[in-house]
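First up is the structure itself, then whatever we jot down about it.
Where a number appears in this text, it was derived from the coordinates with a stated rule and is not lab data. Keep in mind that what you see is a predicted model, and the values were worked out from it rather than measured. Using ideal geometry, Cβ is built from the backbone for each residue, glycine included, and neighbour counts are taken over all protein chains shown.
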Amino acid sequence: MTYFRPNIDALAGYVPGEQPSPDAKVIKLNTNENPYPPSPQALQVLKELEGELLRRYPDPMAGAFRQAASQVLGVPADWILVGNGSDDLLTMIIRACTEPGRGVVYPMPTYVLYRTLAQIQDADILEVPYQEDYTLPVEELIAAQGAVTFIASPNSPSGTVVPVELLEKLATGLSGVLVIDEAYTDFAEENALELIKNHDNVIILRTLSKGYSLAGLRLGFGIANPALLAGLIKVKDSYNVDAIAIAVGAAAMGDQDHKNTNVQKIKDSRVQVAIELEELGFKLYPSQSNFLLVGLSKILAEKFTSDSAEFLYKMLKQRGILVRYFQQPRLEDKLRITIGTSEQNAALIKTLRNCLQ
Ligand SMILES: Cc1ncc(COP(=O)(O)O)c(C=O)c1O
């Protein structure tokens, strides 16, 4: 006896990274949060919120935030759709565009939620392996002709960016929707926003969770031709973004200086941490995000009998440092480590050095 559809019974469910309580004494480098506080201007808006704002339902289209994002990005407000995190946009896209027989395609390894959402919808799934150096398998992705194709750029967990020319080739070759998930774009050297001008099938996803230090607020948005957004609006929850997120998010968007200063600190630290990890013998992938994918196979072979990175994840956890270990093909000998503050990064390197001795 079951209450659920067969695909829900079969579903493992998405497992988010651990979220210890805020007062737990851990260095948290496992879910790619920004280690610096949000914009003081945004926090001021939060403090001054009036009860009246909460008595009423919020603006269904999050107009104030849309306006703020429109100004920053230089795209018309009606090309922007706001969501409860960019995960909400992923849900809308899968809901609106896929079903059994209308498939979802993405390169692997990537953000695991694409698979979970497609499984919930009972959509067909085709996973195409990235090349070893995370070059995008463009021809295979085009040949698959998914109803929806997801590309995270920068990708998680590799941190690698797909060049815009390749994304344009994909956009041209696909008749379905191309989702370019730019959750980590604030830390990257290029983005694909210009593609929305000439490609009606492209939607770019952004979030305030990473660059803007607002993962707890749950605010993300999609940028696409209004005709594509119209279908997504039909399937979204009516009040998918709450009044607090709209007001605080609009203020955060307006404070680009704050975001840019923190992003620069993280990019500088990323260079430093990468050098130190390489000195310790780890293999790194070229990251344009706020984390590093760290390969351990050389160290595992030289110093330990295990061929899994899980034990090092556990050793770090015992010592109060949380990083991310994925029990997945191609990732079992790797850890994904978020860039923290200078103090946190120094503690990480010191602890790793101790673990390896
Ligand atoms: C590639 C990718 N897309 C989307 C998200 C979700 O972002 P949000 O917090 O806006 O839902 C994440 C979160 O880690 C991510 O790694």
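For the chain, the 222 nm mean residue ellipticity estimated from helices alone, with every DSSP H stretch of n ≥ 4 adding -39500 (n - 2.57) and the total spread over all residues, rounds to -12000 deg cm²/dmol. Distance between the C-alpha centres of region 109-164 and region 206-229: 19 Å, rounded to the whole angstrom. Positive-end ranking of 223, 299, 185 along the dipole of the chain, with charges on Cβ about the Cα centre, is headed by 299.
Taking every alpha-carbon pair under 8 Å whose residues sit at least 6 apart, region 40-255 reaches a relative contact order of 29 percent. Quick one: Debye curve from the C-alpha atoms of region 68-210, no solvent, what's log10 I(q)/I(0) at q = 0.16, 0.19, 0.20 Å⁻¹? Summing over Cα pairs of region 68-210 leads to -0.81, -1.18, -1.33. Mean separation of Cα pairs under 8 Å and 6 or more residues apart, divided by the residue count, gives region 237-357 a relative contact order of 24 percent. Each of residue 234 and residue 140 was given a label point 7 Å from its Cα along the Cα-to-Cβ line. The distance between the two points is 3.4 nm. Cross-link reach is defined here as a Cα-Cα straight distance under 21 Å, omitting same-chain residues fewer than 8 places apart; for residue 298 the lysines meeting it are 283, 314, 334, 350. Taking other residues whose beta carbon is less than 14 angstrom from the beta carbon of residue 328, and scoring Lys, Arg as +1 and Asp, Glu as -1, yields +1. Once you keep just the Cα pairs under 8 angstrom separated by 6 or more residues, what percentage relative contact order results for region 73-194? RCO, region 73-194: 23 percent. For residue 2 and residue 43, FRET efficiency with R0 = 41 Å and r from the beta-carbon atoms, rounded to 0.05? Efficiency, rounded to the nearest 0.05: 0.35.
The aspartates and glutamates whose alpha-carbon is closer than 12 Å to the alpha-carbon of residue 259, local same-chain residues fewer than 8 away aside, are 186.
Summary: within the chain, the longest segment free of trypsin sites (Lys or Arg not before Pro) located in DSSP loops with at most 15 other C-beta atoms within 10 Å is 57-329. Placing unit charges on the Cβ atoms only, positive for Lys and Arg and negative for Asp and Glu, gives the chain a dipole magnitude near 820 debye about its Cα centre. Per-residue extension of 0.36 nm, minus the Cα-Cα distance of residue 318 and residue 9, leaves a gain of 107.8 nm for this segment. Counted over region 147-236, the DSSP beta bridges are approximately 30% antiparallel. Scoring 141-148, 245-252 by mean Cβ neighbours within 10 Å over their residues and listing the highest first yields 245-252, 141-148. A Förster distance of 35 Å, applied to the separation of the beta-carbon atoms of residue 264 and residue 56, puts the FRET efficiency at 0.35. From least to most packed, judged by other beta carbons within 10 angstrom and beginning with the fewest, 125, 27, 94, 275 follow the order 275, 125, 27, 94. Run a plain Debye calculation on the chain (Cα atoms as equal point scatterers, no solvent) and give log10 I(q)/I(0) at q = 0.10, 0.14 Å⁻¹, rounded to two decimals, same order as the q list. Here the Debye-derived log intensity ratios amount to -0.64, -1.24. Once the gyration tensor of the Cα atoms in region 212-357 is diagonalised, the equivalent ellipsoid follows with semi-axes of 37, 19, 14 Å, ordered largest first. Cβ crowding within 10 Å ranks 4, 65, 326 as 4, 326, 65, fewest other Cβ atoms first.
As a proxy for reagent exposure, 356, 54 were ordered by neighbouring Cβ count within 10 angstrom, fewest first; the result is 54, 356.
About its Cα centre, region 3-100 has a charge dipole of approximately 60 debye under the convention of +1 per Lys or Arg Cβ and -1 per Asp or Glu Cβ, with nothing else charged. If R0 equals 25 Å, the separation of the Cβ atoms of residue 342 and residue 303 corresponds to a calculated FRET efficiency of about 0.35. Expressed to the nearest 5 percent, the antiparallel share of DSSP beta bridges inside region 40-255 is 35 percent. Reported to the nearest whole Å, the Cα centre-to-centre distance from region 244-287 to region 305-339 is 21.
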